[in-house]
Structure formats: structure tokens, C-alpha cells
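This report refers to the structure that appears directly beneath it.
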Amino acid sequence: MKINFIKAKTILVKSKLPASDRVINPYNGCLFGCMYCYAAQIGRWKHPDEEWGSYLDVKINAAELLKNELKKLYKRLKTRNFGSIFFSSVTDPYLGLESKYQLTRKCLGVLVDFNYQGEVSILTKSPLVLRDVDFFKKIKKTEIGMTITSLNDQVSRFLEVKAPAVSLRFQALEKLSKEGLSTYAFVGPILPYLVNKEKEIKNILDKLESIGVKKVWFEHLNLNKKN
């Protein structure tokens, strides 16, 4: 595992994703190293000779950069609402080393201090997200999601070898819902064993509903010519 400390040039980036206007990626790379992750292709631009999941770029200036960029946007737009801000599009904002470097938490703290009035959306595979419930409650509107690929830890572990067990993600979603926070699930990719198995999909949806999740996103498995 290779850790690189870098200074980013920007941190609040316009998004091309649906339902988000801007994204914050406190890290480049992701040590969960999930085999299906589309971000692995993006990672090859900066790390062409390194295997996905073996490196992490830590943006040590992320919080200070965000503070400055928010000020500039406010000066130009005269509002504290720049749309939905998404953590994160090409990394997991709560990968294991977040507990050490706390870049996600520091960025959330900047948004709290700025009194951000737009929505902040989180997507992760880690129960470490529970650490920041205090900040989520101070932001006007937050939405916290977990990636769910199965009800079975063994099935999810096959493709998400280094990620927290899916059972822990369900537990985290339930705790977040009980805290009164808005939660969602990202069921993706829809793995081959789920395709055309209506009962399996229904079981996942029933489980999510039982723990207070009211919104679900689905995404199919994207395969390129090399797969």
C-alpha cells in the first residue's frame, strides 16, 4: 500500500452525475479496491502502473481549499446554497484511513462553519460514517447512503474484498435512520446472480424498508471489452 500526500488545486468540482451539482473527493484512489469500481479506470490516468486499491492520494489541503472556494463562490453568487454537494465520486469518503486523516470530517466541518444551505449527500460502504452524525445534524439537509450489493456477506466479500461487510452497512443505515437522518441505498452494481431473480431483489428492498430506508438507486454492472 502506497500513501501519497498531495496538495490539490481544487476540491469543490462541478459534477456530471445525476442528482448532484458538485462533488468533493478528499482522496484519490480507494483502498477498498472493489473489482467492479468504475473509478479504477479514472485512477489509471494518474497511476497508470499501480493496481487499484494499492495506493491512496491524501489531499492534505482539502479543508483549507474548500474554505477558500466556498468564500469565492459566495462572493460571486451571493448565496450559501450551491446545489447538492456529493461525497464522493471517485473514492470512498470513509475508507479506513479517514479515521486517521479525517479529511472528510474536516470538509464537513467547513460546510457547517460556512452555514451551507444546500444539500450534502454521502455515499459510502463504511460504518465509520456514524462518527459524523453530529455534523450531519448541523447541516440544513443531508442524505447518507450505503452501497448494497447483496444481503449475504460472503457474496459481497467476493468482489469487495477490503470493504466492510454488507451486514455492517445495514446496521449503519438503521442507526442513521434512528437518528432522524435521511438515508438511501445504492444497489449497484446489480450482480449477475441477482439478475432476473425478483425474489432476491425484493428481499433486499424489504430489508431496506424495515430499517427506515425510503430511497433506493439501482445501477447495472458495466463491463468493458477487457472484462
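Here is a list of conditions, (1) at pLDDT 95 or above; (2) surrounded by fewer than 21 Cβ atoms within 10 Å (Cβ to Cβ); (3) among the hydrophobic types (A, V, I, L, M, F, W, C); (4) not in a helix (DSSP H, G or I), and residue 161 meets all of them except one; can you say which number that is?
The number of the failed condition is (1).
Being in contact (Cβ under 8 Å) with a residue 60 or more places away in the chain and in contact with a Gly (Cβ under 8 Å, 6 or more places away or on another chain) is the filter here; which residues of the range 136-162 pass it?
Within the range 136-162, 161, 162 meet the criteria.
Identify all residues within the range 27-46 that are crowded, with 18+ Cβ neighbours inside 10 Å and either under 12 Å from residue 160 (Cα atoms) or modelled with pLDDT of 85 or more (or both); write none if there are none.
Across the range 27-46, the qualifying residues are 27, 28, 29, 30, 31, 32, 33, 34, 37.
Here's a check for you: in the range 96-139, which residue that is assigned to a loop (DSSP other than H, G, I, E, B) and in contact with a Ser or Thr (Cβ under 7 Å, 6 or more places away or on another chain) is surrounded by the fewest Cβ atoms within 10 Å (Cβ to Cβ)?
Step by step, filter the range 96-139, then rank; the result is 118.
Only one of (1) assigned to a helix (DSSP H, G or I); (2) of a type outside the set (A, V, I, L, M); (3) surrounded by 15 or more Cβ atoms within 10 Å (Cβ to Cβ) is not met by residue 89, so which one is it?
The single condition residue 89 does not satisfy is (1).
Residue-wise test of (1) more than 19 Å from residue 141 (Cα to Cα); (2) among the hydroxyl-bearing types (Ser, Thr, Tyr).
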position	(1), (2)
18	no, no
24	no, no
29	yes, no
32	yes, no
46	yes, no
53	yes, no
61	yes, no
74	no, yes
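Within the range 147-158, identify whether any single residue is among the acidic types (Asp, Glu), at pLDDT below 95 and under 19 Å from the mean Cα position of the chain (by Cα), and answer yes or no.
No: zero hits.
How many residues are without any contact (Cβ under 8 Å) to a residue 24 or more places away in the chain and either more than 23 Å from residue 149 (Cβ to Cβ) or more than 15 Å from the chain's Cα centre (by Cα) (or both) when one looks only at the range 10-28?
The total comes to 3.
This table checks each residue for (1) over 22 Å from residue 30 (Cα atoms); (2) out of contact with any Asp or Glu (no Cβ under 7 Å at 6 or more places or on another chain); (3) surrounded by 14 or more Cβ atoms within 10 Å (Cβ to Cβ).
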{"residue": "154", "(1), (2), (3)": "no, yes, no"}
{"residue": "165", "(1), (2), (3)": "no, no, yes"}
{"residue": "170", "(1), (2), (3)": "no, yes, yes"}
{"residue": "201", "(1), (2), (3)": "yes, yes, yes"}
{"residue": "210", "(1), (2), (3)": "yes, yes, no"}
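For the range 29-71, give me each residue that is aliphatic (A, V, I, L, M), part of a loop (DSSP other than H, G, I, E, B) and either more than 20 Å from the chain's Cα centre (by Cα) or more than 19 Å from residue 125 (Cα to Cα) (or both).
Hit for the range 29-71 is 60, nothing else.
The values are calculated or read from the model by the stated rules, or taken from the named source; none is laboratory data. Everything numeric here is computed off the predicted structure, so don't read it as measured data. Don't worry about glycine lacking a Cβ; one is built from the backbone with ideal geometry, like all the others, and counts go over all protein chains shown.
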